[in-house]
Amino acid sequence: MQLLKDKGIEPEIVEYLKNPLSKNELKSVADKMGLRPRDFIRKGEQDFKDLGLKDKLDDDNALFNSLADYPKLMERPIGVKGERAVLGRPPGKVLSLI
């Protein structure tokens, strides 16, 4: 976030834990990033283990449902600008949106 602020850009923050993204919103973000949900789900998170998601990594529908129901499973930050989005890992990737 500081990288963007240093470039004079004030990002809009989406508090996804308070206002989780819907399944359709998650699909849209995934499409904009060109990623499948398996690519931005936090596999080290306890919910991931408790839900047995390791066995569902090829089931996009199941992962989108889990991400919608358990938003802390989503890897972040994700930067979105128009029809493009990037996973901010490493943080410098968000600069590709400028």
**OP:** Just name the residue that is surrounded by the most Cβ atoms within 10 Å (Cβ to Cβ) out of those in region 65-90 that are assigned to a strand (DSSP E or B) and out of contact with any strand residue (DSSP E or B) (no Cβ under 9 Å at 6 or more places or on another chain).
**Re:** LYS81
Original post:
Looking at region 18-64, which of its residues are in contact (Cβ under 8 Å) with a residue 12 or more places away in the chain, assigned to a loop (DSSP other than H, G, I, E, B) and surrounded by 10 or more Cβ atoms within 10 Å (Cβ to Cβ)?
Top reply: PRO20, LEU21, SER22, LEU35, ARG36, PHE40, ARG42, GLU45, LEU51, LEU57
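Condition (residue is within 11 Å of the chain's Cα centre (by Cα) and either within 17 Å of GLY34 (Cβ to Cβ) or at pLDDT 95 or above (or both)) applied to region 89-98: is it met by at least one residue?
Yes, there is a match, as at least one residue in region 89-98 is within 11 Å of the chain's Cα centre (by Cα) and either within 17 Å of GLY34 (Cβ to Cβ) or at pLDDT 95 or above (or both).
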Subject >> Matching residues, region 3-17, being touching a helix residue (DSSP H, G or I) at 6+ places or on another chain (Cβ under 8 Å) and in contact (Cβ under 8 Å) with a residue 24 or more places away in the chain >> reply: LEU3, LEU4, LYS7, PRO11, TYR16, LEU17
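The values are calculated or read from the model by the stated rules, or taken from the named source; none is laboratory data. The shown structure was predicted, so the numbers you read here are calculated from the model rather than taken from an experiment. With ideal geometry, Cβ positions are generated from the backbone for all residues, glycine too; neighbour counts draw on all protein chains shown.
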